[in-house]
Amino acid sequence: MATKIGVYFDAANIGGGLDIDVLEEGLKKKFSSECPVVKKFAVLADNADAIRADIEAEGLDGVLIVGPSPRQDVEIYRFPVLTEYVNLRMHAVLSYEEPDGSHPEPGKPASSLLQQIATDYINMGVVKLLKGNLPDSAALENGVHRILVVGGGFTGLTAANEAAKSGYEVVLVEKTDVLGGACNNIPTASPLHSPWEDKEAVDIAGRIAQVKSNSKIQIFMSSTVAKLEGQPGEYKVTLNTPKGEETLEVGSAVVACGWTALDSKYLESMGLGVSPRVMTSAEFGKKFLAGQIDARRIAFVLDTTIAEEVMLKQEAEEKAAAEAAAQEAAEAPAAPEEEGAEKPGYVKQSLETINHLRYSNAVNAVGMLRLANEVCEKSNDVTQCYVLYKDMVVPGILERFYKKMQDRLGLMMTKAEVTGIKDTGDHVVVSCEKTLLGMDFDLDCDLVVLPTGLVPVSAKEAIMQFQYRQGPEFPDLELFDGYLDSNYICFPYETRRTGVYAAGCVRQPMTLDGCLLDARGAVLKAIQAIECAEHGVAVHPRSGDHTYPVFNFVRCTQCKRCTEECPFGALDDDEKGTPKPNPGRCRRCGTCFGACPERVISFANYNIDQIGSMIREVNVPKDFKAEGPRILILACENDAYPALDMAAMQGHTWSPYVRIIPVRCLGSVNAIWISDAMSKGYDGVMLLGCKYGDDYQCHFVKGSELCARRKVNIAETLNRLGVQPERVELFELAIDEADRVTDMIDGFVKTIEEMGPNPFKAM
């Protein structure tokens, strides 16, 4: 823990709003022995060298930066000792409003309440340093500089080549006996380079030759992953090969196993699998490449409304049947349950299937334009191609390709709702309504090409066979229908298994130019994971964090909550249920720390006693009516805390009765902190976190959701104590919702004022 702390005030950030001299005097009086150095600088950022000199001369082991947000000037204040920030600029000066909602007049002395806010935050900052420590190193001495690439298609081949170019060895695993994947059936690619207007050769043969000739790349054909165990920098992978099992050491992995086509039964209503004149774009591309297409009028249909309506109707019927069966079973006399008997139930499948078509819309739109162009070119514009779309989705710069195709001879496009596809025996009739031509019409053609639903291979297979306590598969995120991703919005390539990254169509449907970039990005992440393991630091989102969870096994009751609730499978356990940490897998979110009922888990600079001491350091007045309530805000550092900062910068203000403490994630909030706040006399607690549910934005996947579940237990505890559970509320606040901050905070403060004081105030 820090015992000699230097406190440095940044007048540029807080001058004019606060009386710094008074704050210095109060600090020296309260922490005279703990804070031997207290200084004020006009512009602190210009005096980082002066702080370093004090660390050396005074033997400081802690530095407290008073003024800026911890999200600003981080690189300037990197010191070899514990360093913390007191964010007075955003959470005191800029955001301050009087209790009546008015704003202080410029030029007038700081009010006593504003000075008290600043004093509380400074005291909390000092205590945080007093209760913190520098972590022991978790660095690997010799990380394995070898990357496992699973999948030998376009994305996997690109990833292998890029990793080898970076100086890393590669183990490339392909489950079939042929490299190239789906690209073996693609005649040409959509544009991959500027000016993004013309098709390009895929040259899959050249990519395969490049991989085979590289001495850094070891290829395993007709092979699969049988087992992956360990952690980044020191994984062990066991492969099932034609010659038996083979075990290798790898540092990280890239999953590029691609996609498989959606089952044809889901497009039966559009003639797929029923008429030989109806096929998917994937099947058409394969036959066209083999010279097996003989048609003069081809309709490329992008509208799958017919199939969607049929699937929705089927889903409704299945649901109704399941509900009727459940009702009948409930009314019938109970019968002994047979072992292994299948229980009746409703499996939600149709909507998921529709999504695989919808997600693939951009790929199919570009792909069908490319195929139609190929057909016209090969037939010298004799063949007439029609592209019928409900939505033409063309990503990014490929808009140029789309515009060029609009002028292509032999190719006609129109927006249309396809209401029927009928095989008459010698041709197919496609019925179109609401077209750009201003009329409904029936289109006679020789062949109909339907979209290909891209289903990620990972949706049905445990590709990596993880030897993790949480099982061999990637955790299922219903939102992504089997696509590999831990945070779709913020962290591409990341999966919920640290050190294992996704690329290409196993991550999301994408065109070849996207796969190219994806492979490079995933390889960079895989390299970063190995480098981070060797430095003993975390990967995203707490990139560079040296801390990791430390366990006091003497008090561990083997309840398994930490191992079960970790979103990333960082903890295994032994036969008794004792957790077995893997620091390299850990994302440092603290979810295990929040889950532990015995409080045996801690981080060097983030622990139960530390935050609890900060909570208790706030001056909570006894007189609720005269001095107002005190409300604790525990704000997620990923979304909520930045939103608070931005709200203040944008001129939004909020009640002076709140005190804000950043937490790593709401999943790290331990119930004891709520108890500490209530016993101290706080009148309410706000938990500010990311959105969860179908629209989740949590950087740690389930932090806010877990906190919401734990809040139920907290409510029961408060009820037993005679405290209204409504005094503790969870709010969802996204990083781009700064405009909601004032109403959210002031609204909760008003609710607490109407409820009256916490009953513990009188004790």
Taking Ala253, is it open to solvent by 20 Å² or more (accessible area, probe 1.4 Å), among the small types (Gly, Ala, Ser), under 21 Å from Lys175 (Cβ atoms) and in contact with a helix residue (DSSP H, G or I) (Cβ under 9 Å, 6 or more places away or on another chain)?
no
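Is it true that Met646 is over 30 Å from Pro475 (Cα atoms), modelled with pLDDT under 95 and among the aliphatic types (A, V, I, L, M)?
no
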Among Leu289, Leu239, the single one that is over 30 Å from Val500 (Cβ atoms) and either out of contact with any Leu (no Cβ under 8 Å at 6 or more places or on another chain) or modelled with pLDDT of 95 or more (or both) is Leu289
Among (1) assigned to a loop (DSSP other than H, G, I, E, B); (2) at pLDDT 95 or above; (3) hydroxyl-bearing (Ser, Thr, Tyr), the one test that Thr158 misses:
(1)
Single match in Leu517, Leu524 (criterion: open to solvent by 20 Å² or more (accessible area, probe 1.4 Å), modelled with pLDDT of 95 or more and not in a strand (DSSP E or B))
Leu524
Has region 624-631 got at least one residue that is among the small types (Gly, Ala, Ser), surrounded by fewer than 24 Cβ atoms within 10 Å (Cβ to Cβ) and over 18 Å from Leu129 (Cβ atoms)?
yes
Residues located in region 98-130, provided they are crowded, with 17+ Cβ neighbours inside 10 Å, touching a Pro at 6+ places or on another chain (Cβ under 8 Å) and modelled with pLDDT under 90:
Ala110
Counting only helices (runs of 4 or more DSSP H) wholly inside region 1-89, the ones holding at least 2 residues that are modelled with pLDDT of 95 or more are 20-30, 48-58
Restricting attention to region 738-753, the residues that are in contact with a helix residue (DSSP H, G or I) (Cβ under 8 Å, 6 or more places away or on another chain) and farther than 11 Å from His652 by Cβ number exactly 2
Tell me which residues, restricted to region 159-173, are farther than 16 Å from Tyr501 by Cα and among the hydrophobic types (A, V, I, L, M, F, W, C).
Ala164
Of the conditions (1) more than 19 Å from Arg520 (Cα to Cα); (2) modelled with pLDDT of 90 or more; (3) open to solvent by 20 Å² or more (accessible area, probe 1.4 Å); (4) of a type outside the set (A, V, I, L, M), Gly167 satisfies every one except a single condition; which number is it?
(1)
Within region 164-183, identify whether any single residue is free of Cβ contacts under 8 Å to residues at least 12 places away in the same chain and among the charged types (D, E, K, R), and answer yes or no.
yes
What about His699, is it part of a loop (DSSP other than H, G, I, E, B) and under 21 Å from Ala118 (Cβ atoms)?
no
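Restrict the check to region 275-291 and report whether at least one residue is assigned to a loop (DSSP other than H, G, I, E, B) and either among the basic types (Lys, Arg) or open to solvent by less than 10 Å² (accessible area, probe 1.4 Å) (or both). Outline the logic, then answer.
In the first step, residues of region 275-291 are kept if they are assigned to a loop (DSSP other than H, G, I, E, B); the result is 275-277, 290-291.
Among the residues that remain, those that are also either among the basic types (Lys, Arg) or open to solvent by less than 10 Å² (accessible area, probe 1.4 Å) (or both) are: 277.
So far as region 275-291 goes, yes, one or more of its residues are assigned to a loop (DSSP other than H, G, I, E, B) and either among the basic types (Lys, Arg) or open to solvent by less than 10 Å² (accessible area, probe 1.4 Å) (or both).
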From the set of residues in region 195-211 that are assigned to a loop (DSSP other than H, G, I, E, B) and in contact (Cβ under 8 Å) with a residue 12 or more places away in the chain, which is nearest to Thr158 (Cα to Cα)?
Val202
Members of region 708-722 found to be outside any helix (DSSP H, G or I) and either modelled with pLDDT of 90 or more or under 15 Å from Ile672 (Cα atoms) (or both), listed by number:
none
State whether one or more residues within region 138-150 are closer than 30 Å to Ile661 by Cα, touching a residue at least 24 places away in the same chain (Cβ under 8 Å) and either buried (at least 22 other Cβ atoms within 10 Å of the Cβ) or of a type in the set (A, V, I, L, M) (or both).
yes
Among the strands (runs of 3 or more DSSP E) lying completely within region 531-638, list those that include at least 2 residues that are in contact with a Lys or Arg (Cβ under 6 Å, 6 or more places away or on another chain).
571-573
Counted residues, region 90-117 - those being within 20 Å of Val741 (Cα to Cα) and either among the charged types (D, E, K, R) or in a helix (DSSP H, G or I) (or both)
10
Determine whether region 578-601 contains at least one residue that is in contact with a Phe, Trp or Tyr (Cβ under 8 Å, 6 or more places away or on another chain), more than 26 Å from Gly689 (Cα to Cα) and open to solvent by less than 30 Å² (accessible area, probe 1.4 Å).
yes
Which numbered condition trips up Trp259, out of (1) at pLDDT below 95; (2) within 24 Å of the chain's Cα centre (by Cα); (3) open to solvent by less than 20 Å² (accessible area, probe 1.4 Å)?
(3)
What about Glu58, is it open to solvent by 70 Å² or more (accessible area, probe 1.4 Å), touching a strand residue (DSSP E or B) at 6+ places or on another chain (Cβ under 8 Å) and not hydrophobic (A, V, I, L, M, F, W, C)?
yes
Some residue of region 425-447 being in contact with a Ser or Thr (Cβ under 6 Å, 6 or more places away or on another chain) and touching a residue at least 60 places away in the same chain (Cβ under 8 Å):
no
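Against the condition in contact with a Ser or Thr (Cβ under 9 Å, 6 or more places away or on another chain) and closer than 30 Å to Lys525 by Cα, how does Val250 come out, does it pass?
Answer is no for this residue.
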Could you please find all residues in region 436-487 being at pLDDT 85 or above and acidic (Asp, Glu)?
Asp440, Asp442, Asp444, Asp446, Glu473
Only one of Gly143, Gly153, Gly206, Gly180 that is of a type in the set (Gly, Ala, Ser) and at positive phi:
Gly180
Pick from Glu705, Glu753: which is out of contact with any Cys (no Cβ under 8 Å at 6 or more places or on another chain) and assigned to a helix (DSSP H, G or I)?
Glu753
With region 390-466 as the region, which strands (runs of 3 or more DSSP E) entirely inside it contain at least 1 residues that are open to solvent by 60 Å² or more (accessible area, probe 1.4 Å)?
411-415, 417-423, 428-433, 441-445
Looking at Met686, Met678, which is the one that is closer than 24 Å to Glu637 by Cα, of a type in the set (A, V, I, L, M), in a helix (DSSP H, G or I) and open to solvent by less than 40 Å² (accessible area, probe 1.4 Å)?
Met678
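The values are calculated or read from the model by the stated rules, or taken from the named source; none is laboratory data. The shown structure was predicted, so the numbers you read here are calculated from the model rather than taken from an experiment. Using ideal geometry, Cβ is built from the backbone for each residue, glycine included, and neighbour counts are taken over all protein chains shown. Heavy atoms of the whole protein, side chains included, go into the accessibility calculation; ligands, DNA and RNA do not. Shrake-Rupley method; radii C 1.70, N 1.55, O 1.52, S 1.80 Å.
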